[in-house]
Amino acid sequence: MKLIKSYKLFLEKLITDHSRLLPLDMQKHLQSIELYHVGDHIWAVKVTDSHSRAMLFLRAQEFYESIFDEIIKKQFKFSRFSELYQQYYDKQEFTYGADWSGFNIPSTVLEECMLNVPEEEMNTYDKKMISIINTIKEVEGDHNYYILGVDELANDLLEHEFAHAMYFTLPEYKSEMDSLTTQCDENVREMMFKCIVDYGYADHVLQDEMQAYMATGLGKKMKELNIEGIEDWCRKYKEVFNKFYSESLYTSPKKTEINWIL
């Protein structure tokens, strides 16, 4: 039993310890994490390194929409999530950072998760995310906001994550997208829902994920399904997205210095 406990402690450190996973120069690493105000109540954390970006968002993202009952809406150790993830996807290594590139979380869920992490379970990535939350709240106050995790501020990944942000922050956008999903050809809708679930998303984000994929680009597996008539529906979703996106994305996103408290 002691051996198993020691191994789990080692695994937790392996996943979350900066000396193993992040650059030795902490200041250089912190400078690689950039925060931008990209739209009304919409914020983007830009991290070019995919592993660092994924670890920064892992806890809150899985709290929000994990496929695992043991993880969603619960606090957990990264090492336990790694075990479940590798078992579920039949992987020999923990490839979360390579498998997931973009992240999006509403402030209601983000704060519910991150501001209630038990002190003994808080790791270095958690502390960084809490610093980001506190920095955003200096601007937003008590207003709800949306946070994105991206590699650049102008590419398909940003568009996809921004679609989620508008779905949360703009009631009119959500209404129009939900209306399209209701009207959508039943076969297209059901095939998309199935693929989204197969990707590893929780059921409660199906409509949100569908509008984002349909409006900003289908995933590889979705394209391989060759769903009859899907192109026509994608154009309808894209039309709504473009209308709101052009009005919502700041022409010059505002970089905000993060107040690091580690």
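Only the coordinates and a few stated rules stand behind these numbers; no lab work does. Being a predicted model, the structure only gives us computed values, none of them experimental. Note that each Cβ is placed from the backbone with ideal geometry, even for glycine, and that neighbours are counted across all protein chains shown.
Points to keep in mind about this one:
- Diffusion coefficient of region 39-127 by Stokes-Einstein, Kirkwood radius over Cα pairs, 10 °C, 1.306 mPa s: 116 µm²/s.
- Value in Å of the Kirkwood radius, where the chain supplies the Cα pairs that are averaged: 19.3 Å
- Residue 172-residue 203 pseudo-label distance in nm [points 7 Å out on the Cα-to-Cβ vector]: 3.4 nm
- Where the alpha-carbon atoms of region 99-237 are placed on the principal axes, they occupy 50, 31, 28 Å, in descending order.
- Placing +1 on each Lys and Arg Cβ and -1 on each Asp and Glu Cβ, with no other charges, gives the chain a dipole about its Cα centre of roughly 880 debye.
- Going from the residue with the fewest nearby Cβ atoms within 10 Å to the one with the most, 251, 135 rank 251, 135.
- Restraint check, 137/174; 28/255; 74/137; 91/238; 46/127, Cα-Cα greater than 26 Å: 91/238
- Region 39-49 - phi-based ³J(HN,Hα) in whole Hz, Karplus 6.51/-1.76/1.60, Gly and Pro as x: x, 4, 6, 10, 10, 10, 9, 9, 9, 6, 6
- Furthest towards positive pole of dipole, 26, 256, 168, structure part the chain, Cβ charges: 26
- Between residue 242 and residue 115, the modelled label-to-label distance comes to 4.0 nm, taking each label 7 Å out from Cα in the direction of the beta carbon.
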